[in-house]
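Read through the structure below, which is laid out as structure tokens, and then see the notes.
The values are calculated or read from the model by the stated rules, or taken from the named source; none is laboratory data. As the structure is a computational prediction, the values presented were derived from the model and not from experiment. Note: ideal-geometry Cβ built from the backbone for every residue, glycine included; neighbour counts use all protein chains shown.
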Amino acid sequence: MYTKKIYFSGGDFHELQEVFRDLPGVVSTRTGYINGKECAGCSAVAGGEVVAYMGVEVEYNPKKMDLSRLMDVLFAVVNPYAEDGQGKARGPMYRCGVFYADAEDEPQVELHLNFIANRGKPPAVSCVGITMNDPNHDPKLARRCHALAMELKSFQEAEEEHQDTLRKHPDTETFIDFGKLKEYLKF
């Protein structure tokens, strides 16, 4: 079976693993450290000693699940307008991002992130009844997209204790509302 991999960050990587684990076409998920030094480990990344993003590797069958749909799921549960993190997971290591391993995925990732970045901005042209001089038109009020679109440089699998954490500890408090997520995925 032909599979591809894509890497996502944004908030707690335990939650992201659970989000993608059971999606149709997803073959496997692993938590880990994206674009950081080898052998960093969770405490070094979470403590800010090593610059890396805490995220998840998603291996998927592109005949059953496409990259665009995976990114839709990511941005259904992660706020791309939040600067560093989601919920209680705060800091640069929790920043939202899409990291592609295949150069052929770059245009699709860039297009998706450009769409998200532009949906938070006011119209760039005048519309009937609204002009750029209108006091109600303030470009400073536009949301800024902080999600990253980057080439994957490295992925180091997280320690065993960080794999399948929400399955091992189902009572763990989460930022993501998994009930709402299941409703969203029914479309």
Fill in: Selection within the stretch 29-57 - closer than 11 Å to Met93 by Cβ and among the aliphatic types (A, V, I, L, M)
Ile34, Ala40, Ala44, Val45, Ala46, Val50, Val51, Ala52, Met54
Worksheet item: Residue check: is Pro24 of a type outside the set (A, V, I, L, M) and touching a residue at least 60 places away in the same chain (Cβ under 8 Å)?
Response: no
Worksheet item: Given Val78, Val26, which one is of a type in the set (Val, Ile, Thr), closer than 15 Å to Tyr94 by Cα, out of contact with any Ser or Thr (no Cβ under 7 Å at 6 or more places or on another chain) and surrounded by 16 or more Cβ atoms within 10 Å (Cβ to Cβ)?
Response: Val78
Fill in: Scope the stretch 83-111; condition assigned to a loop (DSSP other than H, G, I, E, B), within 15 Å of Glu15 (Cβ to Cβ) and touching a helix residue (DSSP H, G or I) at 6+ places or on another chain (Cβ under 9 Å); matching residues
Gly87, Cys96
Discussion item. Tell me whether the stretch 39-53 contains one or more residues that are in contact with a Lys or Arg (Cβ under 6 Å, 6 or more places away or on another chain), free of Cβ contacts under 8 Å to residues at least 24 places away in the same chain, over 25 Å from Gly25 (Cβ atoms) and not aromatic (Phe, Trp, Tyr).
Written reply: yes
Response to the item:
Within the stretch 154-187, the residues that are under 19 Å from the mean Cα position of the chain (by Cα), assigned to a loop (DSSP other than H, G, I, E, B) and aromatic (Phe, Trp, Tyr) are Phe175
Discussion item. When you scan the stretch 115-132, do you find a residue that is at pLDDT 85 or above and of a type in the set (A, V, I, L, M), even just one?
Written reply: yes
Fill in: Selection status of Ser43, small (Gly, Ala, Ser), surrounded by 23 or more Cβ atoms within 10 Å (Cβ to Cβ) and at negative phi
no
Item to complete: Please give the number of the condition Val98 fails out of (1) crowded, with 20+ Cβ neighbours inside 10 Å; (2) more than 10 Å from the chain's Cα centre (by Cα).
Response: (2)
Response to the item:
Apart from one, (1) within 17 Å of the chain's Cα centre (by Cα); (2) over 20 Å from Lys88 (Cα atoms) all hold for Ser9; the odd one out is (2)
Worksheet item: Which of (1) touching a Phe, Trp or Tyr at 6+ places or on another chain (Cβ under 9 Å); (2) surrounded by fewer than 19 Cβ atoms within 10 Å (Cβ to Cβ) is the odd one out, the single condition Gly10 does not satisfy?
Response: (2)
Discussion item. Of the conditions (1) buried (at least 20 other Cβ atoms within 10 Å of the Cβ); (2) at pLDDT 90 or above; (3) under 23 Å from Glu160 (Cβ atoms), His112 satisfies every one except a single condition; which number is it?
Written reply: (3)
Worksheet item: If you go through the stretch 11-49, how many residues are small (Gly, Ala, Ser), part of a strand (DSSP E or B) and closer than 18 Å to Leu148 by Cβ?
Response: 1
